[in-house]
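Quick notes on the structure that follows.
Read-outs: derived from the displayed coordinates by stated rules, not from any lab. Worth saying up front: this structure is predicted, and the values here are computed from it rather than measured. As a convention, Cβ positions derive from the backbone with ideal geometry for all residues, glycine included, and neighbour counts pool all protein chains shown.
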Amino acid sequence: MQALIKKILNARVYDVAIKSPLEGMPRLSARLGNHIFLKREDLQPVFSFKLRGAYNRMAKLTEKEKKAGVICASAGNHAQGVALAARNMGLRALIVMPQSTPPIKIRAVRSLGGEVLLHGEAFDDAYIHARKLEAEQRLTFIHPFDDDDVIAGQGTIGKEILEQNQDIDAIFVPVGGGGLAAGIAAYVKFLRPQIKVIGVEPTDAATMHNSLSAGKRLVLDQVGVFADGVAVREPGVRTFELCRKLLDEIILVDTDETCAAIKDIFDDNRAIAEPSGALAAAGAKKYLTRQGVGGLNVVAVNSGANMNFDRLRHVTERAEIGENREALFAVTIPEKPGEYKRLIKTLGDRNVTEFNYRYNHNSQAHIFIGLQTLGGIAEREEIIKLLRDEGYPVSNLSDNEIAKLHIRYMVGGHATDAHDERLFHFEFPERQGALLKFLDSLSTNWNISLFHYRNHSSDYGRVLCGVQVPSADNELFIAALKKLGYTYREETLNPAYKFFLS
């Protein structure tokens, strides 16, 4: 451990990085009764902390290695860090990126002088190809996290935090491969072991969390792509070892909680964090609420701001739900005059954020309704009781992912003739030909009876698809889906689908 601390103390990062400010979050602090500070790594020249580790590793290259150049595999922030470091050092940098990488990230790397090579459908494909080219062209591979010099570069953030504020109780850090968490924890725990260092991961990319729980490194079959900066299927060997020894715990947060934290950061600091950049703030909120404590000084590391502008639409839609300021319900009312008025009167002066209905049956109607809930979960439960006391059957859809992602945009009535319909949720790679590949994989005997897609500027598009599959074809159909290779799950029994579309 002392060797790593020495590396952190001697790390060369300030040739390219700034000592990022530690800013207060007054509104969020007042709301939670604690003092919350934001470490602004989003203000680095590449809008991410990644250049610290990349530059520190590359500063250790021999003259022979510098002459040959470097290579890395990345779909985002690490690629930009390597490209900037290489430009400053006058080196060749070959960046292997998946073909699904958004154009904004490709342009950013090229603008920094990096040579971009697109290869494969996902990061794993790009990584394997980069290691092959490393050997063929005698380049030096710059790992995004599993390298002591990279870890040491990221650890300088912990050093800065302790210099900027001597009275810290906890530091929250986003976790992907674990390099940032390992570096910060190594330095902080060495000097101030009483300070808690807590990692934060998305619920759908809990790589380090699951590995630590199992006591060994695990490889996830798939990871969510919303917080793409931490979408890592397997933690590093070295980072796993350090995180197991040093982290106090890892907190998991979902997409809605992350979106709510993005809004909190904007409200307090007028900064737009990328999803992975807001994870730490989301984790801090969850931890402080769970513990029921007050008066603590905690730091959340905002690790980056490489956000596609059009993804903000998705963030704003989900932030209110993540803060429990909006609730979604399916309410059944009698199909007769005056019932809409009675329903609205029952809800009182609450603000209606969404109201979707289409005639379906002459005796009853299903309504998809959104309500502003300033009282959070408690008010949500109060509304459910209020409606049921008035005789309205009601189902809470606030935590139903399919309802939030698709159904709320599709309420249009039941398909009475869509026999043998099965509902599936797919993740399509965002690239040309993905939909055609999907359609080609299906037999002409299987009719697509429902289809919904919205672009959220991520590497993968989310698609809800209904297909009419006779029971005799079930095995053939599932075999075709497996051959297609797209991530999917069946949602035929989802209550939101049953209420409004089946």
To the nearest 10 degrees, how steeply does helix 275-291 sit against the main Cα axis of the chain, on a 0 to 90 scale?
70
Diffing region 154-160: the Karplus 3J(HN,Hα) column from phi (6.51, -1.76, 1.60, θ = phi - 60°), in whole Hz with x for Gly and Pro, holds 5, x, 5, 5, x, 4, 5
Karplus-derived 3J(HN,Hα) from phi for region 138-148 (6.51 cos²θ - 1.76 cosθ + 1.60, θ = phi - 60°), whole Hz, x at Gly and Pro, runs 6, 8, 9, 7, 9, 6, x, 8, 8, 7, 4
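Which shape class, rounded, prolate or oblate, goes with region 166-220 when its Cα gyration tensor gives a ≥ b ≥ c as root eigenvalues, a/c under 1.5 marks rounded, and past that a/b bigger than b/c marks prolate?
Values: a/c = 2.54, a/b = 2.06, b/c = 1.23.
Prolate is the answer for region 166-220, as a/c is 1.5 or above and a/b outweighs b/c.
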Cα gyration tensor shape of region 52-141, rounded if a/c is under 1.5, else prolate or oblate by comparing a/b with b/c
oblate
Radius 12 Å from Cβ of K483, net charge of other residues (Lys, Arg +1; Asp, Glu -1)
+1
In whole Hz, with x marking every Gly and Pro, tabulate ³J(HN,Hα) for region 217-227 from phi via Karplus 6.51 cos²θ - 1.76 cosθ + 1.60, θ = phi - 60°.
5, 10, 10, 6, 5, 7, 10, x, 10, 4, 8
Highest mean first, what order results for 193-200, 175-182 on Cβ atoms within 10 Å?
175-182, 193-200
How far is helix 376-389 tilted off the main Cα axis of the chain, in degrees rounded to 10, range 0 to 90?
10
Using the per-residue mean of other Cβ atoms lying within 10 Å as a proxy for protection, in what order, highest first, do the peptides 395-404, 484-493, 252-261 fall?
252-261, 395-404, 484-493
Taking the 0 to 90 degree range and rounding to the nearest ten, how far is the long axis of helix 474-484 tilted relative to the main principal axis of the chain, both from C-alpha atoms?
30
Taking amide hydrogens as modeled 1.01 Å from N in the peptide plane, which residues meet the under 5 Å criterion relative to I71, leaving out close sequence neighbours?
L94, T140, F141, I142
What residues have an amide H closer than 5 Å to that of L118, excluding those fewer than 5 places away on the same chain, when H is modeled at 1.01 Å from N in the peptide plane?
M97
So for each of 27-38, 151-162, 465-476 I average, over its residues, the number of other beta carbons within 10 Å; can you give me the resulting order with the highest mean first?
151-162, 27-38, 465-476
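Starting from the coordinates of the alpha-carbon atoms of the chain, obtain the Kirkwood hydrodynamic radius over all distinct pairs and give the value in Å to one decimal.
Working: mean 1/r = 0.0409 Å⁻¹.
Result for the chain stands at 24.4 Å.
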Taking placed amide H atoms and a strict 5 Å upper bound, the residues 5 or more places from T353 or on another chain that come that close are G370, L371, Q372
